[in-house]
Amino acid sequence: MARGGHNKERGDAERKCIVTGEVQPKAGLIRFVVGPDDQVVPDVLGKLPGRGMYVTADRATLDKAGKGQFARSAKKAVKVPDGLAYTVEQLLARRTVDLIALARKAGLAVCGFEKVKGWLAGGERVRVLVQASDGSERGKTKLWTPEGARYFGCLTAAELGLAFGRQTVIHGALATGGLSNRVVEEATKLRGLRENGGDGALGKDKEAR
């Protein structure tokens, strides 16, 4: 498994992290480009024009990138905006929430303790179990991660609420499918930023229960 928690299961294109020098699948990296004003810009969607600079989705690694690695990679002086790691974190959180919302609209996601428990007990092909980082630990330990599924606890109850069209949500599950795989990729990156002392860190994630 590569750093950033991503498996090379799908034969993804690989890139080298400008900080660690490690080559790994792009899905475990965050892309940056240099804008017209020589400012470093995060490219969460991977679509901005320009030469990409890739950094492992990890808070400590991203902080190091702002101490000269971006300039070395760009081969010129660049401006690294204040709070870049926090900005990236918020962009990833928004991206993860949006993808879960798409999965919900497609009928591939449910929320609420009883509905999630029903999916887990009823043999549904669950790809992701997601629970709010600020939810009750007692309630969260009553659910389990099926074999082959992934668990994430890097979103808050309010963020999960946005994904499911409610004020707050503690428990959610996503069925197997392409959208769920994309959630796994984005949530893995978000976890890498939040579990290592990020501004939005709200408790460490767990791989399984």
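The values are calculated or read from the model by the stated rules, or taken from the named source; none is laboratory data. Keep in mind the model is a prediction, meaning the values are calculated, not measured. Counting neighbours? That spans all protein chains shown, and the Cβs are built from the backbone with ideal geometry, glycine included. The protein model used for the area step is the full one, side chains on, heavy atoms only, and it has no ligands, DNA or RNA in it. Shrake-Rupley method; radii C 1.70, N 1.55, O 1.52, S 1.80 Å.
Out of all the residues in the range 197-206, is one or more under 17 Å from Ala93 (Cα atoms), buried (at least 19 other Cβ atoms within 10 Å of the Cβ), at pLDDT below 95 and of a type outside the set (Val, Ile, Thr)? Write out each step before concluding.
Keep residues of the range 197-206 that are under 17 Å from Ala93 (Cα atoms), which gives 197-205.
So of that shortlist, the ones also buried (at least 19 other Cβ atoms within 10 Å of the Cβ) come out as 198, 205.
Restricting the remaining residues to those that are at pLDDT below 95 gives 198, 205.
Next cut, of a type outside the set (Val, Ile, Thr) only: 198, 205.
Yes - at least one qualifying residue is present in the range 197-206.
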- Query: Pick from Lys47, Lys64: which is more than 16 Å from Ile18 (Cβ to Cβ) and within 23 Å of the chain's Cα centre (by Cα)?
  - Reply: Lys47
- Note on the structure: Residue set Val40, Val44; condition closer than 26 Å to Gly178 by Cα, of a type in the set (A, V, I, L, M) and open to solvent by less than 70 Å² (accessible area, probe 1.4 Å); output residue Val44
- Message: I'd like to know if the range 177-190 contains one or more residues that are open to solvent by 10 Å² or more (accessible area, probe 1.4 Å), among the small types (Gly, Ala, Ser), modelled with pLDDT of 95 or more and part of a loop (DSSP other than H, G, I, E, B).
- Response: no
- Message: So, in the range 56-108, exactly how many residues are of a type outside the set (D, E, K, R) and closer than 18 Å to Gly172 by Cα?
- Response: 11
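Scan Gly35, Gly68, Gly4 and give me the residue that is of a type in the set (Gly, Ala, Ser), at pLDDT below 95 and surrounded by 21 or more Cβ atoms within 10 Å (Cβ to Cβ).
Details: Gly35 fails: surrounded by 21 or more Cβ atoms within 10 Å (Cβ to Cβ); Gly68 fails: surrounded by 21 or more Cβ atoms within 10 Å (Cβ to Cβ).
Just one listed residue meets the conditions, Gly4.
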- Count of the range 71-89 residues which are surrounded by 18 or more Cβ atoms within 10 Å (Cβ to Cβ), under 21 Å from the mean Cα position of the chain (by Cα) and not acidic (Asp, Glu): 3
- Here are some conditions: (1) within 15 Å of the chain's Cα centre (by Cα); (2) surrounded by fewer than 18 Cβ atoms within 10 Å (Cβ to Cβ). Gly107 meets all but one. Which one does it not meet? (1)
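Give me the residue from the range 149-170 that is without any contact (Cβ under 8 Å) to a residue 12 or more places away in the chain and either more than 16 Å from Val110 (Cβ to Cβ) or of a type in the set (D, E, K, R) (or both) and, out of that set, most open to solvent (accessible area, probe 1.4 Å). Let's see the steps before the verdict.
First pass over the range 149-170, keeping only residues without any contact (Cβ under 8 Å) to a residue 12 or more places away in the chain: 158, 161, 167.
From what is left, the residues that are either more than 16 Å from Val110 (Cβ to Cβ) or of a type in the set (D, E, K, R) (or both) are 158, 167.
On the way: Ala158: 54, Gln167: 163 Å².
Checking each candidate, the answer is Gln167.
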- Note on the structure: The one condition Gly107 fails out of (1) in a loop (DSSP other than H, G, I, E, B); (2) within 30 Å of Val33 (Cα to Cα) is (2)
- Message: Every residue in the range 136-176 that is within 16 Å of the chain's Cα centre (by Cα) and assigned to a loop (DSSP other than H, G, I, E, B), please.
- Response: Ala149, Gly153, Cys154, Leu155, Thr156
- Scope the range 47-69; condition among the β-branched types (Val, Ile, Thr) and closer than 15 Å to Pro81 by Cβ; matching residues: Val55
- Query: Which strands (runs of 3 or more DSSP E) sit wholly inside the range 10-99 and have at least 1 residues that are under 15 Å from Thr188 (Cα atoms)?
  - Reply: 23-25, 29-34, 53-56
